[in-house]
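Since the structure comes first, as structure tokens, the remarks are kept for the end.
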Amino acid sequence: MTYSHVLFGAGTTAAVPVVRRIAPGDLFRALGRGVDDFVAMPSHAIFLCVIYPLLGILLVSLTLGNSMLPLAFPITAGFALVGPLAAIGLYELSRRREAGLDTSPRHVFDVLHSPSLGAIVALGLLLMAIFLIWLVVAETIYIANFGYKPPASVRQFISDVFNTRAGWNLIVFGTGIGFLFAVVVLTIGAVSFPLLLDRDVGAPTALLTSIRVVAANPGTMALWGLIVAALLVVGSIPFFLGLTVVMPVLGHATWHLYRAAVEPDPSPRPDYRPREKTPRYAADFPASLFPTRR
């Protein structure tokens, strides 16, 4: 896949997506449809998202060594920064169900055949970079308040965070800067991945369209961000297990939010259809090895 395709999609003359104004009611309708999709496709949605809590438990367990303990919360909170990418298979299932197509689990991997795969990968790498930058910033804030010496124990660390001035500085500055990271990701990821699944427009157009959606609906999208944050917090208790339900619901709902916020494509893309395998016979060898002979 060429760099120009990642940047421009099918071509530089593609129509710019038209952004709509949406209201809080549209958010709750999207959530309702997300729940409906989850109920209709529960087994493979949970299968897709079970890796999310397992990965969370694994990463946090790696921080339980005292030297990495200060990063336990930033890692947990930072999961929201890669959420738009983690849910991309759920967008595809909602897209297929909306179109009346087969929604069996294997179609999750149809994303790999998307014409926009290069742009999806590029945006995914951008979100991962933002996540890593967030971890570096979080560690810098900790060092600025507590120095390079690791906490003596988990209990001592918790006591220092909640019972010292340095700890409250850590909470205030960490929360404030983390909020800014969340705003950035919400702005660039609100509809960009669903748009790329729906249309071959290129990464820049997807990013700009997401920014335009947020700019046209600042209050409504701020409310959406609060809803997402609240549901992720609830889903993280206990031990991230609630995310097996919260993540698929939010993933499906994000597809429907995209549908509410962006006008439909006047020329929708054809769905991927795997090449049908034709029988091969010994008499055809070696001609059967060449595509032009099949």
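The values are calculated or read from the model by the stated rules, or taken from the named source; none is laboratory data. All of these numbers come straight from a predicted model, not from anything done at the bench. We place every Cβ from the backbone using ideal geometry, glycine too, and count neighbours over all the protein chains shown.
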Residues to consider are V137, V111; find the one that is at pLDDT below 90, assigned to a helix (DSSP H, G or I) and touching a Phe, Trp or Tyr at 6+ places or on another chain (Cβ under 9 Å).
V111
Do you know which residues across region 208-226 are under 22 Å from D265 (Cβ atoms) and surrounded by fewer than 21 Cβ atoms within 10 Å (Cβ to Cβ)?
L208, I211, R212, A215, A216
Do we have R106 as more than 27 Å from V262 (Cα to Cα), among the basic types (K, R) and at pLDDT 75 or above here?
yes
Name the one entry in V35, V82 that is at pLDDT 60 or above and more than 30 Å from A166 (Cβ to Cβ).
V35
Do the conditions hold for L223, that is, is it out of contact with any Lys or Arg (no Cβ under 7 Å at 6 or more places or on another chain) and either outside any loop (DSSP other than H, G, I, E, B) or free of Cβ contacts under 8 Å to residues at least 24 places away in the same chain (or both)?
yes
When region 141-169 is checked residue by residue, the ones that are without any contact (Cβ under 8 Å) to a residue 60 or more places away in the chain and closer than 30 Å to L123 by Cα are I141
Name the residue, out of V161, V172, V213, V185, that is closer than 13 Å to Y258 by Cα, in a helix (DSSP H, G or I) and either of a type outside the set (D, E) or modelled with pLDDT of 95 or more (or both).
V213
A229 vs. criteria among the small types (G, A, S) and surrounded by fewer than 19 Cβ atoms within 10 Å (Cβ to Cβ):
yes
Could you please let me know if T164 is within 30 Å of the chain's Cα centre (by Cα) and either of a type in the set (S, T, Y) or farther than 29 Å from I88 by Cβ (or both)?
no
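The rows are residues; the columns are (1) modelled with pLDDT of 90 or more; (2) in contact with a Ser or Thr (Cβ under 6 Å, 6 or more places away or on another chain).
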{"site": "L232", "(1), (2)": "no, no"}
{"site": "F239", "(1), (2)": "no, no"}
{"site": "L243", "(1), (2)": "no, no"}
{"site": "M247", "(1), (2)": "no, no"}
{"site": "H252", "(1), (2)": "yes, yes"}
{"site": "H256", "(1), (2)": "yes, no"}
{"site": "R269", "(1), (2)": "no, no"}
{"site": "E276", "(1), (2)": "no, no"}
